[in-house]
Amino acid sequence: MIRSAAWRSHSCGDLRAENVGQEVTLCGWVDNRRNHGAVHFVDVRDRYGITQLVVDDEAATSAAEQMSGLHQEDVVQVKGTVRMRIEGQRNADRITGDIEVVVDSVKVLSASATLPFEIADHIDVPEDTRLKYRYLDMRRSPLQRALQLRSKANNAIRNSLCDQEFIEVETPMLTKSTPEGARDYLVPSRMRPGCWFALPQSPQIFKQLCMVGGLDRYFQIARCMRDEDLRADRQPEFTQLDLEMSFVDEEDVYAAVEALMQNVYQAVHDVELAIPFERLPYNDAIALYASDKPDLRNPLTIVDVVDVAGDLDFVVFNNVLESNGWVRAIRVPGGASLSRKQIDNVERLAKESGAGGAAWCKIGAEGPTGPLSRFLKSDAGQAFLNRIEAVEGDLIFTIADTPRRAQVALDVVRRESASAMNMVGEDDRIVWITEFPLFEQNDDGSFHPAHHPFTCPVAEDLPLLRNGQKEGIRSRAYDLVLNGVELGSGSIRIHDKDLQNEIFDAIGIPPEVAQERFEFLLRAFNYGAPPHAGFAIGLDRLYSIMFDAESIRDVIAFPKTATSACPLTAAPSVVDIQQLDELGIKQVIETEQEVKS
RNA sequence: GGGGAAGUGGCGCAAUUGGUUAGCGCACAAGCCUGUCGAGCUUGGGGUUGCGGGUUCAAGUCCCGUCUUCCUCGCCA
């Protein structure tokens, strides 16, 4: 409820039958007008609701004149008296629909020009127009709802973490460039010409320093910047819930995140999220789902048939087996009911993903039919079918390729065939993917570190690492995955200087480079660093899923376009040559204006 | 950086094979109307078809270039 204030006695969503007879003052925007001559309605709207104003023969004649002069989206202050609407004319769709306000006077506080688009939910407006006039888009209920929910959810996060003894710390926006990883946004230093700040890609190092500083538990709802190309679910600046904890292992981090997620779901959906979340080691996720972010609403799983595929006399399988590739199958229960067109579509998408193809067969009453079936007539074929536990009515896909390509194709086949079968569950499924590999393989066979260099390896795998092995080394890194979307990731950090240097060495960062880039962190580790671990959740992405938004932009107040531009402010823009002079910067690219002149 | 789609009054769309003065709905303006709530009815104003060039008797339509937006691959340790 809006309390009385200098400008208004109630909000536009406050008034009910019990207010009948009261003299009230409302402020808001002129929404919809319906003028019937002798009776004239105007809706006035604010964040809280819509209230119907009316003038008729019971109203002052001056009020009728003032009402007639109103335009859409004028900001008005209205004085009047609450009365019941006449029987049969109540509006059940509106919280204030039982009453109306008979107007004594209307004062226009700020008139509106003709609008670029109507402020109505049913009007479809192109997104760049909505972004250019974001403040008008904001008056409509979808964005109102998203921003209100976002605020509520942020509040739920803060409450949960503060309850768990976390301290909110603001880390710097002007910081040091660390060239590996995403491209930095750079800010020139006027005081030290030739030197540059970077905007943070994440508060990673600062939060670790907070642990060395003895804060024990840190969090921040932090803005992060990355100068990379965009996607529907990616923005150049985005908001991350960042946290770090001392003297903990994985389970402590999971518990802290689970508690806060529970609070967020409570606040947004008013449901009790089941905890603990499922845990799935990375290797199992790849084996069962061919993905490190599997959508567990999809019941299909993958079967490794490498041990039975060799006897099928299928040259494609044999070639792949010879080069140590993957031969794996997906059994789609009931999939035999799919049309040839639907199956061809799955096969086509698998091919487009880069794999050689997806050989398939249906299991009919008479046995297998379809392209793969001719390799299944033998005893070996029966062994294959037994291996994947095929029964009548099933559809079987097989993928054979290099591990990397097979993985992508299996993921596609799993997703596409489940969606064709309509077998993806409704309920949100959240899962921890644990023990990520420390290194990922490049296309040329070499390895690069899969995470930032402060990620702790699994102790058992250390001897292998010291032997120079890269493949199969596990790290104590974990991701949180919701319905096949990666929400966030974290890890147990290295707190030992010697181990840290070992890792720098293993991932190919020479000591002098490590020293130059991370000197401040390494120095801190000299003075007693506690064992620590942390996590970060991409809040824009989480909220776009939770609020059922089409794009990440729909849950951000002032988002950027796909080219990282802001249609509202027209940023980025050309600056004065004087500004550049002060910064000691000489521009070599011709600007638009210079090209024109 | 690569690929795809789109761009026509403020907004959503239409315009046949290249052929009349580029239409329609909403919004906007004026008027009528005593119960509407996405009110209704009448009348009216509003367009260099993103921009530049070309082909043609004739271009919204075809060609070339360019800009903007969206999606996507690369990229995002």
Checked against a 26 Å limit on the C-alpha separation, the offending pairs among A:132/A:586; A:470/A:497; A:79/A:152; A:293/A:470; A:79/A:132; A:176/A:560 are A:132/A:586; A:79/A:152; A:79/A:132
How far apart, in nm, are the 7 Å Cα→Cβ label points at residue A:283 and residue A:505? 2.6 nm
Using the basic label-point model (7 angstrom from Cα toward the beta carbon), what is the residue A:35 to residue A:145 distance in nanometres? 3.3 nm
For chain A, what does -39500 (n - 2.57) per DSSP helix run (n ≥ 4), summed and divided by total residues, give at 222 nm, in deg cm²/dmol to the nearest 500? -9000 deg cm²/dmol
Work out, step by step, the length gained on full extension between residue A:108 and residue A:176: first 0.36 nm times the residue separation, then minus their alpha carbon distance; give nm to one decimal. 19.4 nm
Per residue, what accessible area does chain A have, given a 1.4 Å probe and all protein chains present, in Å²? 50 Å²
Segment residue A:523-residue A:574, extension gain: residue separation times 0.36 nm, minus the distance between their alpha carbons: 14.3 nm
How much of the DSSP bridge set in the range A:29-103 is antiparallel, in percent, rounded to the nearest 5? 90 percent
In debye, nearest 20: dipole of the range A:213-333 around its Cα centre with unit charges on the Cβ of K, R (+) and D, E (-)? 380 debye
Shape descriptor, chain A: equivalent ellipsoid semi-axes (Cα gyration tensor, sqrt 5λ, whole Å, largest first) stand at 53, 36, 24
Once A:398, A:114, A:175 are ranked on solvent-accessible area with the largest value leading and a 1.4 Å probe, the list reads A:114, A:175, A:398
Expressed as a whole percentage, what fraction of the accessible surface of chain A belongs to carbon and sulfur atoms when a 1.4 Å probe is rolled over the protein heavy atoms? 49 percent
What is the magnitude of the charge dipole of the range A:17-110 about its Cα centre, with +1 placed on the Cβ of each Lys and Arg, -1 on the Cβ of each Asp and Glu, and no other charges, expressed in debye to the nearest 20? 180 debye
Note down the magnitude of the dipole of the range A:385-494 about its Cα centre, charges +1 on Lys and Arg C-beta and -1 on Asp and Glu C-beta and zero elsewhere, to the nearest 20 debye. 480 debye
Rg/Rh for the range A:17-110, where both radii come from Cα atoms and Rh is the Kirkwood radius: 0.92
With every protein chain left in place, what is the accessible area of residue A:36 in Å² (1.4 Å probe, nearest 10)? 130 Å²
With each label point set 7 Å from Cα along the Cα-Cβ vector, what nm distance links residue A:564 and residue A:402? 3.1 nm
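The values are calculated or read from the model by the stated rules, or taken from the named source; none is laboratory data. Quick caveat, the model's predicted, so the values are computed rather than measured. Cβ atoms come from the backbone with ideal geometry, glycine included; neighbour counts cover every protein chain shown. Calculation scope for accessible area: heavy atoms of the full protein, side chains included, ligands and nucleic acids excluded. Shrake-Rupley method; radii C 1.70, N 1.55, O 1.52, S 1.80 Å.
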